Amino acid sequence: MASKLFLCNSTFCTKFSKQSSSNNFKFPSSLSFKVRNTSSTTNSFNWEDVLSICQPDSNDVQDLQPLFERIKPCNRGSEKKSEFFPFVVEEQIIGYIHKEFAENLRQYKDVFTFLGSNDGVYVTLHASLETPDNRTEAIGYVIKSLGDGLIPDVRNELYPVKLSYGTPLYFSLERAAAPYFGIKTYGVLMNGYVERDGEKHLWISKRSDVKPTYPGMLDLLVAGGIPHNMTCKENIIKECQEEAGIPESISKAAAPVGAVSYMDISGYCYKREVLFCHDIKLTDGFIPNNQDGEVQSFKLIPINHVANIIHKTEFFNPTNALGIIDFLFRHGLIRPEQLGYLGLLQSLKSGDFS
């Protein structure tokens, strides 16, 4: 699906860009515009709504509390950990399985074994499954057998299952099943920015309305999970081409700048993810062009305007909001003098950071 391009070049954007400085960020507060932030409902806002929130505000507010609110949807349910069995492989806890969901696994006695008693129960793999390949095949069979009724949106894309990034592989697991097994996954986030008259502008994308997760919401320029048998760098190059039409000759310059993490428990799902953050400086003449149909349009927006949007709305996909807030920290738009600075910085790494 061809993407559409929108540039934030209206009169008020130009005027505000001159009035504001990327080194002196101040949050406006006059408008609080929220949308229903779910994975199943298309969010009915458009670029005109986004632009209206970009406009300058007469009040200078340094309150960071709204940014804590943006991070909260990524870190829910810690009080529900007791509802999950540990998932143990080679004497290491590599995931968590909800006790009710686990009942669906008991019938597959050649694949899963339940050990212990009372509060000490844990799930492990049958002793005959000794290699990554036969574990992957056996668990894949179970996921296929369970069907969409229990694990929706199967994508036939495998994620590596490891104790931590860079350690040996235990097996590979269908991407859609990862939260149902509490597997820690890894992904990439990339902010693409342009400098105009000394001010940074970020390329922001709007997700397709048919995406199964967070349809129609805003994202940073490039994001994606790291699949089996692919490095972080290789994945950045792949996602850049698919999501924004950025050729390898340009994307290879993307710089790794850190990482964020989160842990979210909701229903049967126990999501744990580490996202490696990247920045890339693009030329003023570069125009992103989506290749895989997952993005409906792009807009180049002054960083102060982006800060206004994330401060006043829930327009951003929550996990991408982590990457935007991280960018605001690293580029000096959130400062130590602001109340809550250290707490907000720490909240970007609320998940298992390994």
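The values are calculated or read from the model by the stated rules, or taken from the named source; none is laboratory data. In this text the structure is predicted, and so the values were computed from the model without any measurement. Cβ coordinates were reconstructed from backbone atoms using ideal geometry, including for glycine residues, and neighbour counts include every protein chain displayed.
A few notes on this one:
- On inspection, GLU195 does not qualify as buried (at least 18 other Cβ atoms within 10 Å of the Cβ), in contact (Cβ under 8 Å) with a residue 40 or more places away in the chain and assigned to a strand (DSSP E or B).
- Of all residues in the range 109-161 being touching a strand residue (DSSP E or B) at 6+ places or on another chain (Cβ under 9 Å) and of a type in the set (Phe, Trp, Tyr), the one that is farthest from LYS184 (Cα to Cα): PHE114
- Going through (1) surrounded by fewer than 23 Cβ atoms within 10 Å (Cβ to Cβ); (2) touching an Asp or Glu at 6+ places or on another chain (Cβ under 6 Å) one by one, ASN317 falls short only on (1).
- Scanning the range 238-262 for residues that are within 17 Å of the chain's Cα centre (by Cα) and either buried (at least 20 other Cβ atoms within 10 Å of the Cβ) or of a type in the set (Gly, Ala, Ser) (or both) returns GLU239, CYS240, GLU243, ALA244, GLY258, ALA259, VAL260, SER261, TYR262.
- When residues of the range 141-170 are limited to those that are more than 24 Å from CYS232 (Cβ to Cβ) and either in a strand (DSSP E or B) or among the aliphatic types (A, V, I, L, M) (or both), the one modelled with the lowest pLDDT: VAL154
- Which numbered condition TYR96 misses (of (1) of a type outside the set (A, V, I, L, M, F, W, C); (2) modelled with pLDDT of 85 or more; (3) out of contact with any Gly (no Cβ under 9 Å at 6 or more places or on another chain)): (3)
- Cβ pairs under 6 Å, 6+ apart, first in the range 130-157 and over 17 Å from PHE87 (Cα atoms), second surrounded by fewer than 13 Cβ atoms within 10 Å (Cβ to Cβ): ASP153/PRO212
- Taken over the range 303-336, the criterion of being of a type outside the set (A, V, I, L, M, F, W, C) and either without any contact (Cβ under 8 Å) to a residue 24 or more places away in the chain or in a helix (DSSP H, G or I) (or both) is satisfied by ASN304, HIS305, ASN308, HIS311, LYS312, PRO318, THR319, ASN320, GLY323, ASP326, ARG330, PRO336.
- Restricting the range 198-237 to residues that are acidic (Asp, Glu) and not in a loop (DSSP other than H, G, I, E, B), the residue that is surrounded by the fewest Cβ atoms within 10 Å (Cβ to Cβ) is GLU234.
- Whichever residue in the range 280-296 is modelled with pLDDT under 95 and part of a strand (DSSP E or B) and, among such residues, is nearest to ALA244 (Cα to Cα): VAL295
- TYR186 under 21 Å from MET263 (Cα atoms), in a loop (DSSP other than H, G, I, E, B), of a type in the set (Phe, Trp, Tyr) and within 25 Å of the chain's Cα centre (by Cα): no
- Number of the exception - VAL154 against (1) farther than 30 Å from ILE303 by Cα; (2) in contact with a His (Cβ under 8 Å, 6 or more places away or on another chain): (2)
- Set side by side, the residues CYS277, CYS240 differ, and just one is touching a helix residue (DSSP H, G or I) at 6+ places or on another chain (Cβ under 8 Å), modelled with pLDDT of 95 or more and outside any strand (DSSP E or B), which is CYS240.
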